[in-house]
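To start, the structure under review is shown below, and the notes come after it.
The values are calculated or read from the model by the stated rules, or taken from the named source; none is laboratory data. Keep in mind the model is a prediction, meaning the values are calculated, not measured. FYI the Cβ positions are ideal-geometry reconstructions off the backbone, even for glycines, and counts take in every protein chain you see. Only protein heavy atoms, including side chains, enter the accessible area calculation; ligands, DNA and RNA are left aside. Shrake-Rupley method; radii C 1.70, N 1.55, O 1.52, S 1.80 Å.
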Amino acid sequence: KFGDAGPSQNVDRYSAAQQSANRSNEVFIEKSMGEQQQIMQQQDEQMDIVGKSIGRLKEIGTLIGDEVEDQNQLLDEFYGDMGQTEKRMSNVQRKMDKILEKVDGKKQNIIIGVLLIVMIIVVILFFST
């Protein structure tokens with residue numbers, strides 16, 4: 001009979017369409033989950049690389065900080081030595097002034113020359129040690 005398509009045929013068609021749609025959805029979901037897992041794995045690998053880089057930067061920063069401390073200590077010692085040398089030079093200058101007050105012109109020039117040579121030797125010895 002021509003118009004006798006029963007409800008069971010409509011249900012079968014609906015069921016088949018529903019199953020096909022469900023399979024398509026499952027395939028899409030599985031594909032999406034796979035892509036998301038791959039993206040998360042790539043992000044984890046990139047985070048590991050970033051973490052290692054940060055660790056290396058921390059090591060470098062620590063080394064730089066240690067070097068700066070060492071340099072500051074050396075500068076402090078150098079300035080201390082310079083302070084002592086400045087005091088010594090001031091004492092020598094005062095003594096030279098006293099001697100120059102007592103001596104006349106020609107002798108004064110000879111004494112200035114000798115003291116200048118001595119001063120140069122002292123400076124050379126200071127900087128060579």
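See the values below:
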read-out: 0 to 90° range, to nearest 10: angle between helix 105-128 axis and the chain longest Cα axis; value: 30
read-out: Angle between the chain longest axis and helix 7-102 axis [Cα atoms, degrees, rounded to 10]; value: 0
read-out: Nearest-0.05 FRET efficiency for Glu77 and Lys98, computed from C-beta distance (R0 22 Å); value: 0.10
read-out: Surface accessible to a 1.4 Å probe, Phe127 within the full protein complex, Å²; value: 130
read-out: Share of Cα-Cα pairs in the chain lying beyond 20 Å, as whole percent; value: 76
read-out: Number of Lys pairs (Cα under 26 Å; 8 or more positions apart or on different chains) in region 13-129; value: 7
read-out: Stretch gain in nm, segment Ala17-Gln42, where the contour uses 0.36 nm per residue and the Cα spacing is subtracted; value: 5.3 nm
